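Read through the structure below, which is laid out as structure tokens, and then see the notes.
The values are calculated or read from the model by the stated rules, or taken from the named source; none is laboratory data. This one's a predicted model, so the numbers in the text were calculated from it and none came from an experiment. FYI the Cβ positions are ideal-geometry reconstructions off the backbone, even for glycines, and counts take in every protein chain you see. Only protein heavy atoms, including side chains, enter the accessible area calculation; ligands, DNA and RNA are left aside. Shrake-Rupley method; radii C 1.70, N 1.55, O 1.52, S 1.80 Å.
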Amino acid sequence: MCKRNSPPIPAFDPPPTKQRATDSPCEAEAAGADKSAAREVQLERQLLQAGGKGGSAAVYGNVPVVDLSLPDDEVRAAMIAAASEVGFFSVTNHGIPEAAIDEAFGASATFFGQERAAKAEQAPFAAHLNCGYEYMSQVRPSTGTPDQKESLQVTARRGSMDGRWPSTDGRSPPRA
């Protein structure tokens, strides 16, 4: 059963489409997510065709670094340049305590150190929302090449991660 515990966030969700009388709310939600994913694929292809460096920048040690202590306009320009030319960046002077970063890495190690079935149970993948646990199953639409990794996809759309956050004790979280 499809449930949305909260309204969509307009900045992330696709514009509403007219729902046919035969569409269930889940079908309408999936169709909206498909359109959003299609826009993301189109953007990724445009970046690839425009000569974006992507992963090759990291291979050669040229990951852009954005210093968050700089004035906002400089930070904004650096982020836009890095995201459009390379596709990712690292940030410094973000103010996040080292202990919090270590805790996040520890939680990640705990989650990914479990058996595959336990990870899938705790964070079931929802293709129409592009979130949850995946194991070597994601294919980049722009290249058709499968990723050789496992991942926990986190989606910013409100409600998308409901029932998909891993527990801290290795047990499945309660479902709504």
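For the reader, a short list of remarks on this structure follows.
- Only listed residue being part of a loop (DSSP other than H, G, I, E, B) and hydrophobic (A, V, I, L, M, F, W, C), chosen from ILE96, ILE101: ILE96
- When the range 89-137 is filtered for residues that are free of Cβ contacts under 8 Å to residues at least 60 places away in the same chain and β-branched (Val, Ile, Thr), the ones remaining, listed by number, are VAL91, THR92, ILE96, ILE101.
- Any chance ARG116 is modelled with pLDDT under 90 and among the basic types (Lys, Arg): no
- Note on the range 106-151: residues that are of a type in the set (D, E, K, R), part of a helix (DSSP H, G or I) and open to solvent by 40 Å² or more (accessible area, probe 1.4 Å) total 2.
- Total residues in the range 78-92 satisfying the condition of being of a type in the set (A, V, I, L, M) and open to solvent by 60 Å² or more (accessible area, probe 1.4 Å): the figure is 2.
- Residues satisfying the stated conditions in the range 56-77, i.e. surrounded by 12 or more Cβ atoms within 10 Å (Cβ to Cβ), assigned to a helix (DSSP H, G or I) and modelled with pLDDT of 95 or more: GLU74, VAL75, ARG76, ALA77
- Residues within the range 138-169 that are free of Cβ contacts under 8 Å to residues at least 12 places away in the same chain and over 14 Å from SER108 (Cα atoms), tallied: 5
- Residues located in the range 152-166, provided they are assigned to a loop (DSSP other than H, G, I, E, B) and among the hydrophobic types (A, V, I, L, M, F, W, C): VAL154, ALA156, MET161, TRP165
- GLY95 falls short on exactly one of the conditions (1) loosely packed, with under 11 Cβ neighbours inside 10 Å; (2) farther than 25 Å from VAL66 by Cβ, and that condition is (2).
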